[in-house]
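Engineer: Have a look at this one.
The values are calculated or read from the model by the stated rules, or taken from the named source; none is laboratory data. Since the model is a prediction, treat every value here as computed from it, not as a measurement. Cβ coordinates were reconstructed from backbone atoms using ideal geometry, including for glycine residues, and neighbour counts include every protein chain displayed.
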Amino acid sequence: MRRWAAPQNLPHPNDRVTFMGRFLALLAAVFLTAAPALAEKRIALTFDDVPRARGAFFTPDDRTARLVAALKRAGVRQAAFFVTPGNLAKPDGSGGERRIEAYVRAGHVIANHSFSHRPLSTTGSAEYIADIDRAEAWLKGRKGRRPWFRFPFLNEGRADKGKRDAVRDALKARGLRSGYVTVDGADWNLESLTARAVSSGKQVDMEALRDLYVETMVEAAEFNDKLFRQTIGRSPAHVILLHETDLAALFIPDLVAELRKLGWRIVTADQAFADPIGKALPDVPSAQGTLTEALAWEKGLPAPRWYERSSPRVADPIFARRVLKEGPADGK
Ligand SMILES: [Zn+2]
């Protein structure tokens, strides 16, 4: 085969320097624009279902003190706590108001997660909106309050677009915005697996638990960032969904350290929710999940559009094997 079979497709030798120069300039331009984009992975931390029932290790008061200290130690200036005021009347809700104030005193912000935590798909829209109002009445006038609403279970009505639009309109009329999520690693599942293991007297390998928690949340962030770049061509300021858990109180500094090691910058919830992606209102038949998933779906990107360990079916055997040292296929 002749190497120069089609010289007309190549630059003339006299043009070569110019061509190479332009090529290198283009290459440099690509790197210069890509480099900040690569460095710019931003994420805010958010915690749901506050005040939450106790987990495996701490009383609710102890957990809050530890979580506040952990966020401070990790250098997280402002996280958001999505409050479900109905939880205050539950057994572990006692003292919850004081704990919520402690988060705000530490510089964090609070927002609406409905009063009773009902899924929209099985709740009438009028009843659902009244439940948002009831939580908002609790939040009104409190320090640190932000005008954000997070859908319980990230359930936006599934296929019922009429219901979804009724709630979207109601939020708009009240000056509320969606407190959407772009990263979900199902931390609640690791918390409940841990609580179940401890209460049934099983040996929990705490180092393995820490590593699994950190790895799972970080992989969820990386997965969703990649999918978002494919969908909109840039990396948005992300919002990770976490819950007020013992695992967060224990492992937030490790999680934040690992995120930073991989080039993530922790931003405030205010900064994250100021991202233009917050204005998106994806129109997919089932908006149950992250904004990442909904936008990727709307754009027609192929599944999977969710991080695999968000499913307990995938996460549970990994937990059993790594944290409880139980065999993967022992017939249980
Ligand atoms: Zn929730």
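Engineer: Please go through segment 186-235 and pick out each residue that is among the charged types (D, E, K, R) and either closer than 17 Å to Glu308 by Cα or part of a loop (DSSP other than H, G, I, E, B) (or both).
Structural biologist: Of everything in segment 186-235, those that are among the charged types (D, E, K, R) and either closer than 17 Å to Glu308 by Cα or part of a loop (DSSP other than H, G, I, E, B) (or both) turn out to be Asp187, Lys202, Asp205, Glu215, Glu219, Glu222, Asp225, Lys226, Arg234.
Engineer: I would also like to ask the following. Could you tell me whether any residue of segment 309-318 is without any contact (Cβ under 8 Å) to a residue 12 or more places away in the chain and surrounded by 15 or more Cβ atoms within 10 Å (Cβ to Cβ)?
Structural biologist: Scanning segment 309-318, I find at least one residue that is without any contact (Cβ under 8 Å) to a residue 12 or more places away in the chain and surrounded by 15 or more Cβ atoms within 10 Å (Cβ to Cβ), so the answer is yes.
Engineer: In segment 258-307, which residue that is among the charged types (D, E, K, R) and free of Cβ contacts under 8 Å to residues at least 12 places away in the same chain is farthest from Trp148 (Cα to Cα)?
Structural biologist: Lys261
Engineer: Let me ask something else. Can you name the residue in segment 146-159 that is of a type outside the set (Lys, Arg), closer than 13 Å to Ile132 by Cα and surrounded by 18 or more Cβ atoms within 10 Å (Cβ to Cβ) and is also nearest to the ligand (Cβ to nearest atom) among such residues?
Structural biologist: Across segment 146-159, the extreme among qualifying residues is Pro152.
Engineer: Also, quick follow-up: Name the residues in segment 124-141 that are in a loop (DSSP other than H, G, I, E, B) and either closer than 16 Å to Gly175 by Cα or within 14 Å of the ligand (Cβ to nearest atom) (or both), would you?
Structural biologist: Matches in segment 124-141: Lys140, Gly141.
Engineer: In this structure, is Leu242 in a strand (DSSP E or B), at negative phi and in contact with an Asp or Glu (Cβ under 7 Å, 6 or more places away or on another chain)?
Structural biologist: Judged against the criteria, Leu242 is a match.
Engineer: Within segment 216-239, can one find any residue that is within 16 Å of the ligand (Cβ to nearest atom), at negative phi and touching a residue at least 40 places away in the same chain (Cβ under 8 Å)?
Structural biologist: Looking through segment 216-239, at least one residue is within 16 Å of the ligand (Cβ to nearest atom), at negative phi and touching a residue at least 40 places away in the same chain (Cβ under 8 Å).
Engineer: Follow-up question, since we're still on this one. May I ask you to list the residues in segment 160-180 that are part of a loop (DSSP other than H, G, I, E, B) and either out of contact with any helix residue (DSSP H, G or I) (no Cβ under 8 Å at 6 or more places or on another chain) or within 16 Å of the ligand (Cβ to nearest atom) (or both)?
Structural biologist: Hits for segment 160-180 are Gly175, Gly179, Tyr180.
Engineer: Looking at Ser121, Ser114 in this structure, which one is under 19 Å from Val239 (Cβ atoms), within 16 Å of the ligand (Cβ to nearest atom) and within 23 Å of the chain's Cα centre (by Cα)?
Structural biologist: Matching residue, one of Ser121, Ser114: Ser114.
Engineer: Please specify each residue of segment 98-109 satisfying the condition of being surrounded by 23 or more Cβ atoms within 10 Å (Cβ to Cβ) and either polar (S, T, N, Q) or within 19 Å of Pro152 (Cα to Cα) (or both).
Structural biologist: Ile100
Engineer: On to the next question. Looking at Leu45, Leu67, which one is closer than 23 Å to Met217 by Cα, away from the ligand (no atom under 16 Å from the Cβ) and at pLDDT 95 or above?
Structural biologist: Leu67
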